[in-house]
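A short worksheet on the structure shown next.
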Amino acid sequence: MSATAPPLAQSVNYPQRQMESREESRSRATRTDPDWMRIGVGSTLLAGSLLLLTGKRKAGLLATFAGTALAMIEHKEIVREWWETLPGYLENAQRVLDQATATIDDLNDKRDKIMSLLRK
């Protein structure tokens with residue numbers, strides 16, 4: 001090692017200090033600018049659930065519906081995607097129910113045949 005070379009610790013750059021300062025600035029920005037929509041949705045849903053738990057069903061349902069509507073307004077794109085994929089899920093559910101109905105009908109027919117054979 002030569003006498004003119006700088007020590008290794010001085011030549012290393014530590015980006016964590018920069019990241020911490022960015023995180024601090026983000027947290028300061030969040031403290032000064034709260035997300036009012038989220039606060040409104042959360043408090044409305046909480047109030048609605050508390051009303052439901054205390055037995056005030058109509059007021060609770062109304063409050064939870066209002067909170068859900070606020071959440072849907074905030075996330076329009078997600079709701080639109082779900083709305084577009086919903087018919088596919090409903091068709092799959094209907095197909096599964098049709099298969100289950102056919103299987104139950106088949107089992108009932110076989111049960112009836114077995115019972116008629118045992119009665120003879």
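Figures for the structure shown
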item	result
Residue check, L70 free of Cβ contacts under 8 Å to residues at least 60 places away in the same chain and exposed (fewer than 14 other Cβ atoms within 10 Å of the Cβ)	no
Segment 46-55, residues that are over 20 Å from D35 (Cβ atoms) and surrounded by 11 or more Cβ atoms within 10 Å (Cβ to Cβ)	S49, L50, L51, L52
Single condition K58 does not satisfy, out of (1) assigned to a helix (DSSP H, G or I); (2) at pLDDT below 90; (3) exposed (fewer than 10 other Cβ atoms within 10 Å of the Cβ)	(2)
Flag if T101 is β-branched (V, I, T), part of a helix (DSSP H, G or I), surrounded by 10 or more Cβ atoms within 10 Å (Cβ to Cβ) and in the same structural domain as M37 (by TED's automatic domain parsing)	no
Filtered residues of segment 55-89 (kept if of a type outside the set (A, V, I, L, M, F, W, C) and more than 17 Å from G40 (Cα to Cα))	G55, K56, R57, K58, E77, R80, E81, E84, T85, P87, G88, Y89
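The values are calculated or read from the model by the stated rules, or taken from the named source; none is laboratory data. Note that this is a predicted model, so its numbers are computed, not measured. A quick note on method: Cβ atoms are made from the backbone with ideal geometry, for glycine too, and the neighbour counts reach across all protein chains shown.
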